[in-house]
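Below you'll find the structure, written out as structure tokens, and then a few comments.
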Amino acid sequence: MRKSITLYGLTFSLPLLVWQLLFFLFPLVFLIALSFWTVKNFRLQPDFDTANWVRMYGREVFWQAYFLTLALAASASVIASVLAFPCSYAIAFKFSETARRWSVFLMVIPFFTSYIVRVYSWQVFLSDNGIINAALAWVGLGPFGMLNTTFGTMIGYLTLSFPLVVLLQLFSLMFIDRTLIEAAHNLRCGRLRTVFEVVIPSAKVGLVIAALFCFILTFGDFVSPLYLGGGDPPTLSILITDTTKSGQQWPRAAVIALTMIATLLTVAFAAIGYAYRGRGR
Amino acid sequence: MAEQPLVEFDGVIKRFDSFVAVERMDLDIHKGEFLAIMGSSGCGKTTTLRMLAGLEAPSEGEIRLEGIRINDLPTWQRDTPMVWQSLALFPFLNVRENVEFSLKMRGVDAAERRKRAGHWLERMQISEFAERNIAQLSGGQRQRVALARSLVTEPEILLLDEPLSALDAHLKVRMQAVLSDLQRELGITFVYVTHSQSEAFSMADRVVIMSRGVIEQIGAPQEIYRTPRTRFVAEFLGSSNIFAGKVSQTRKGQVAIETPTGRYATAQSDDKPVAVGDSVTFAVSGDRVQLSAKTPKGEFNTLQAKVVGEEFVGATATIYMEAADGTELRAQKSHDELRDLSIKIGGNVFVSWRADAGHILPGE
């Protein structure tokens with residue numbers, strides 16, 4: 001019998017364990033504790049009071065923000081996945097080896113600059129007298145309000161997640177056994193139909209995980225909805241900053257943060273459960 | 001043959017960039033035959049099969065199915081299902097869904113699909129696994145699923161690309177029987193690509209032997225075995241002794257051939273009669289060679305050789321020998337014969353055969 005935990009294995013996993021404890025578990029426990037504290041005269045006091053939870057969950061603005069954020073992140077995941085799929089499909093199946101390598105490189109380049117910088121530069125493009133509207137005015141169209149709209153938020157979300165979604169999809173598509181595609185063709189399945197009957201089911205795990213990553217990134221994002229979406233109505237992350245600013249309400253902000261963590265965990269587990277369903281039954 | 005062949009390869013060439021995979025191939029495949037295409041890897045046998053399936057397009061020439069040119073017909077419009085070496089079963093579908101796949105692609109309705117797939121699941125004896133995942137099946141069961149999936153549309157022709165190579169020896173023999181029976185019962189054409197001589201020779205009606213994109217010989221297994229056409233075929237089958245030399249005399253259906261190891265009498269070739277002065281190569285099957293400690297009496301070709309090794313395969317053994325000039329020789333003998341001979345490695349032995357055991361290779 002092999003011991004389940006060896007000293008050797010423990011030594012190497014120790015840094016990860018310490019990291020998880022220090023930067024995930026302790027803060028999480030602290031956040032849970034914080035959500036029961038009270039604020040008196042703008043000062044935090046350790047306490048055990050459920051008033052923050054009752055108060056936050058009783059407010060309509062909280063639920064509005066919650067469902068708005070959920071809808072935005074879900075839409076971003078769907079839009080990014082749908083837009084990314086033809087790209088990753090072409091890179092995986094149509095491109096030459098060299099072209100594929102360059103595409104992967106190009107998909108990594110956006111990560112060189114800070115996301116905030118990229119969002120700010122979108123403002124230059126999207127504002128009422130920005131580059132796009134100026135170009136449209138030149139052919140006699142517009143101006144179209146793009147900044148401070150849901151459209152703007154979505155542009156920001158895609159800026160954040162699109163390259164990553166393409167990369168994750170690409171890697172799952174490249175691992176598909178090509179003979180499965182040939183076999184489908186051979187069994188009378190045409191080209192387009194094979195994409196839906198064989199390619200997507202084969203790459204399902206990777207495609208779901210790519211969408212999940214997009215959801216996770218955009219659900220907690222604060223930059224795009226504020227600087228491109230205008231921040232009104234607020235998403236949850238904007239609501240957190242608003243709450244901390246108004247009267248030092250850190251405990252109430254903690255309630256929002258914990259709700260977000262719970263939501264992300266639920267979505268992640270559901271997505272991974274769905275991705276692996278039917279495998280190795 | 002008066003009847004039109006099911007498939008005709010007419011001057012088919014396949015190039016990949018500068019590499020020629022198949023070189024000007026002419027081949028007729030008849031209705032209802034079991035044809036094996038055999039050769040070592042890279043000989044073009046799989047490319048030939050893939051061209052027939054429509055997975056590769058010929059660079060030149062024409063492939064006809066029932067007289068109609070199919071060069072440019074995509075694979076999904078042909079009725080040429082293939083069984084892959086890796087089987088290529090869909091891991092995200094269960095057994096039944098795999099078998100139903102091509103019916104679904106043809107728009108057969110669900111009830112009919114289920115009925116027809118059910119019939120094939122039963123026939124291949126895999127009904128009890130119908131709802132299982134592919135990952136839960138054994139190698140032999142997967143093989144049956146792959147066959148059922150390809151045969152469910154009742155095609156005229158089935159293409160098989162080394163389908164048994166992943167199975168262990170025991171299962172391989174069992175599946176060979178399944179395939180032979182299936183082919184006979186269905187009466188459809190099987191085109192079977194393999195590098196295994198035992199698979200090809202035990203199942204096929206006709207065998208095509210390929211080397212470097214060229215067909216070396218087409219014929220019934222027995223015919224190829226007894227009368228190989230080229231040196232390649234004789235060596236590939238691996239059971240013959242091969243001699244090269246010049247014809248010095250011809251008379252009464254026999255020729256005398258001068259070789260570096262001696263002068264041997266051999267039967268005149270029916271396919272390509274040889275004349276004095278011709279350079280010829282002839283083969284002597286290893287099971288028609290006698291071994292003896294002394295020079296044998298009677299009309300034999302004889303040479304002396306040194307025993308270099310022996311290999312036991314079941315009831316027979318192969319004795320490997322070397323003549324004085326380095327020519328490799330071999331003989332298949334039963335264990336009883338060997339016991340009487342008391343063969344020792346490194347010892348000398350007389351190798352002899354009758355003139356009619358020699359076969360002049362007409363393709364050389």
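Derivation of every value follows stated rules applied to the coordinates shown; laboratory data play no part. If you're wondering where the values come from, they're calculated on a predicted model, not measured in any experiment. FYI the Cβ positions are ideal-geometry reconstructions off the backbone, even for glycines, and counts take in every protein chain you see.
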Review point. Taking the simple approach of a point 7 Å from Cα along Cα-to-Cβ for both B:Glu66 and B:Ser334, what is their distance in nm?
Key: 5.1 nm
Review point. Any idea how far the Cα center of the stretch B:240-259 sits from the one of the stretch A:207-225, in Å?
Key: 82 Å
Review point. Given a cut-off of 29 Å, what percent of all Cα-Cα pairs of the stretch A:128-281 lie beyond it?
Key: 43 percent
Revision key, fill the gap. Result row for chain A, helices from DSSP H with C-alpha axial extent 30 Å or more and mean Kyte hydropathy at least 0.0, is A:60-93, A:150-174, A:250-276
Point to revise | Estimated FRET transfer efficiency (B:Ser196, B:Lys115; beta-carbon r; R0 41 Å; 0.05) | key: 0.65
**Study point:** Once the Cα gyration tensor of the protein assembly as shown is diagonalised, semi-axes √(5λ) in Å
**Key:** 74, 29, 24
Review point. In peptide A:185-196, how many Cβ atoms from other protein chains are near each Cβ within 10 Å, on average?
Key: 6
Review point. Using the Cα gyration tensor of chain A, with a ≥ b ≥ c the square roots of its eigenvalues, what is the shape: rounded (a/c below 1.5), prolate (a/b larger than b/c) or oblate (neither)?
Key: oblate
Point to revise | Cα gyration tensor shape for the stretch A:1-141, rounded if a/c is under 1.5, else prolate or oblate | key: oblate
Review point. Over what distance in Å are the Cα centres of the stretch B:162-179 and the stretch B:75-154 separated?
Key: 19 Å
Exercise for review: Report the net charge of residues surrounding B:Ser165, where surrounding means a beta-carbon distance below 12 angstrom and charges are Lys +1, Arg +1, Asp -1, Glu -1.
Suggested key: -3
Revision key, fill the gap. Inter-chain shielding metric for B:144-157, i.e. average beta-carbon neighbours from other chains within 10 angstrom, reads 1
Review point. Per residue of B:86-93, how many C-beta atoms from partner chains lie within 10 Å of its own C-beta, taken as a mean?
Key: 6
Study note, to complete from the structure: Note: A:Leu136 to A:Val82 extended length (0.36 nm per residue) minus current alpha-carbon separation gives 16.8 nm
Check your understanding: Given a Förster distance of 22 angstrom, what is the FRET efficiency for A:Ala90 paired with A:Val205, based on the Cβ-Cβ distance and rounded to 0.05?
Key -> 0.60
Exercise for review: Can you put B:Thr153, A:Thr218 in order of Cβ neighbours within 10 angstrom, beginning with the fewest?
Suggested key: B:Thr153, A:Thr218
Exercise for review: Give, as ranges by residue number, the residues of the stretch A:155-198 whose backbone N falls under 17 Å from the point 7 Å along Cα→Cβ of B:Gln77.
Suggested key: A:185-194
Review point. When only DSSP loop residues count, what trypsin sites (Lys or Arg not before Pro) in the stretch B:196-274 have their Cβ near at most 15 other Cβ atoms within 10 Å?
Key: B:Arg212, B:Lys252
Exercise for review: With a cut-off of at most 11 other beta carbons within 10 Å, and DSSP calling the residue loop, which trypsin sites (Lys or Arg not before Pro) in the stretch B:300-364 qualify? Please list them.
Suggested key: B:Lys344
Exercise for review: Treating each Cα of the stretch B:252-355 as an identical point scatterer and ignoring solvent, apply the Debye formula and state log10 I(q)/I(0) at q = 0.10, 0.24 Å⁻¹.
Suggested key: -0.30, -1.35
